[in-house]
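**Student:** Pasting a structure here, questions to come.
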Amino acid sequence: MSFNLDEKEIPRYFEVQKYAEKCKEDPLFLRRHFWKTDICKYGPYCPNFDMCDNAHFRSEYRPPTCIYSEFCKNEHCLLFHNETEYEKEEFKRTLDFKYDNIGEWIKDINKMKDDLEMLELEAKLRNFKINI
């Protein structure tokens, strides 16, 4: 894939190339670039929740972008390049997250807790009636 740059694009091209070189040279920089671009298999129950590089909720997820941005020459590259934020948000909606954000997860946990308390209360009442 080749492309011609006009004068306005040349500074951006060099900026992207410098960024890509930094990603190749510094593993931590590259790690930050791809931070939260994959789904954590444990979801919100991740044992390393605070340190995990992967997304636990849809709101955390960042679509993975190519380090070469719109200047990528790999025609088989599967990462995002110069897509709009709308296209990235549409992509996020296709992913299989159980919860969109931490608030939904907390509501679900509170509901499970309430349901469990109700079941425990019912069991105590049944046990009380049996003992009479």
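The values are calculated or read from the model by the stated rules, or taken from the named source; none is laboratory data. This is a predicted model, so every value here is computed, not measured. Cβ sites come from the backbone with ideal geometry, for glycine too, and all protein chains shown count toward neighbours.
**Student:** Hey, can you tell me all the residues within the range 26-50 that are among the polar types (S, T, N, Q) and over 14 Å from the mean Cα position of the chain (by Cα)?
**Tutor:** Selection gives ASN48 alone.
**Student:** If a residue must be part of a loop (DSSP other than H, G, I, E, B) and modelled with pLDDT under 85, how many such residues does the range 78-93 contain?
**Tutor:** Number of matching residues: 3.
**Student:** From the list ASP53, ASP38, exactly one residue is in contact with a helix residue (DSSP H, G or I) (Cβ under 9 Å, 6 or more places away or on another chain), acidic (Asp, Glu), surrounded by 10 or more Cβ atoms within 10 Å (Cβ to Cβ) and not assigned by TED's automatic domain parsing to the domain that holds TRP105. Which is it? Before you say what the answer is, go through the steps one by one.
**Tutor:** Values: ASP38 fails: in contact with a helix residue (DSSP H, G or I) (Cβ under 9 Å, 6 or more places away or on another chain).
The conditions single out ASP53.
**Student:** Would you please name the residue that is farthest from the chain's Cα centre (by Cα), looking only at residues in the range 10-25 that are surrounded by 14 or more Cβ atoms within 10 Å (Cβ to Cβ) and not hydroxyl-bearing (Ser, Thr, Tyr)?
**Tutor:** Our first condition is that a residue be surrounded by 14 or more Cβ atoms within 10 Å (Cβ to Cβ); within the range 10-25, this holds for 13, 16-17, 19-20, 23.
Right, trim to not hydroxyl-bearing (Ser, Thr, Tyr) and you get 16-17, 20, 23.
On the way: VAL16: 23, GLN17: 25, ALA20: 22, CYS23: 20 Å.
Taking the candidates together, the pick is GLN17.
Every residue, every condition in (1) closer than 28 Å to LEU28 by Cα; (2) in a helix (DSSP H, G or I); (3) under 14 Å from the mean Cα position of the chain (by Cα); (4) modelled with pLDDT of 85 or more, yes or no:
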position	(1), (2), (3), (4)
CYS52	yes, no, yes, yes
ILE67	yes, no, no, yes
HIS76	yes, no, no, yes
TYR99	no, no, yes, yes
ILE109	no, yes, no, yes
LYS113	no, yes, no, yes
ILE130	no, yes, no, no
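**Student:** Within the set of pairs 6 or more residues apart or between chains, which connect a residue that is at negative phi and free of Cβ contacts under 8 Å to residues at least 60 places away in the same chain inside the range 83-108 to a residue that is part of a helix (DSSP H, G or I) and surrounded by 11 or more Cβ atoms within 10 Å (Cβ to Cβ) with Cβ atoms less than 6 Å apart?
**Tutor:** Short answer, once both residue conditions are applied: LYS98/GLY43; TYR99/TRP105.
**Student:** Select from the range 54-65 the residues that are among the small types (Gly, Ala, Ser) and within 17 Å of LEU28 (Cβ to Cβ) and list them in ascending order.
**Tutor:** Scanning the range 54-65 gives no hits.
Conditions (1) assigned to a loop (DSSP other than H, G, I, E, B); (2) more than 23 Å from HIS81 (Cβ to Cβ), marked per residue:
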site: GLU15; (1), (2): no, no
site: GLU21; (1), (2): no, no
site: PHE29; (1), (2): no, no
site: ARG32; (1), (2): no, no
site: THR37; (1), (2): yes, no
site: PRO44; (1), (2): no, yes
site: ASN48; (1), (2): yes, yes
